Every structure is written in structure tokens, then in C-alpha cells.
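The values are calculated or read from the model by the stated rules, or taken from the named source; none is laboratory data. Note that the coordinates shown come from a computational prediction; the quantities given were computed from them, not determined experimentally. When we count neighbours, we look across all protein chains shown, and the Cβ atoms used for this are built from the backbone with ideal geometry, even at glycine. We work out accessible area using only protein heavy atoms, side chains counted, and drop any ligands, DNA or RNA first. Shrake-Rupley method; radii C 1.70, N 1.55, O 1.52, S 1.80 Å.
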Amino acid sequence: MEKAYSFKKKNSTNEIHIFEGKFTIDSCNANSESICKKTKLNEGNWLNGSTCLNEQQAREKAAKIGKSVCGICVSHLYTTY
């Protein structure tokens, strides 16, 4: 099953973190912690137009946003198994 990615800006640091989740019938859900485990679901705000993205869209969004995206979260998008 394809994973869903969503971006959230943490209020205390202004750093953007990526949450992994799963697509649902009409939307998606997100895990309770960001990929790097430094941000919880209830911390910060979702970025407009940055929820329920597939892997390629998430890579493009992270590249467009730039350095304010958590490096650990971004590196996960490029991990090969």
C-alpha cells in the first residue's frame, strides 16, 4: 500500500517535519509522531497543500520548501531498502 506524507510546522522551533501515514478511501491519516520522532501530531500546524502527498510529491514539496524541513525526515524519503 502506498504511503501518505504530510508536512507540519512545529510552533516551538518553526522547523517543518514530515509525518508518514496511509491513504484512506477519501483522505489519509498520519502517524502520531513525525518520521524523526521529534514532533507529535498535536504540535504545530499542517502546511496548506502539504497533506496526503505521495512519495514523489513529498520529495518535490520538501525540495521546494528547502532547509526549514527537518533533514532526518527528508532523508527518509530517499532511503532505499
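Summary table below
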{"item": "Matching residues in segment 9-43 - criterion: being open to solvent by less than 20 Å² (accessible area, probe 1.4 Å), in contact with an Asp or Glu (Cβ under 9 Å, 6 or more places away or on another chain) and either touching a residue at least 40 places away in the same chain (Cβ under 8 Å) or in a loop (DSSP other than H, G, I, E, B) (or both)", "result": "His17, Ser34, Thr39"}
{"item": "All positions within segment 1-29 that are under 17 Å from Gln56 (Cα atoms), among the aliphatic types (A, V, I, L, M) and out of contact with any helix residue (DSSP H, G or I) (no Cβ under 8 Å at 6 or more places or on another chain)", "result": "Met1, Ala4"}
{"item": "Extreme residue, farthest from Ser27 (Cα to Cα), among residues of segment 50-67 that are in a loop (DSSP other than H, G, I, E, B) and open to solvent by 50 Å² or more (accessible area, probe 1.4 Å)", "result": "Lys67"}
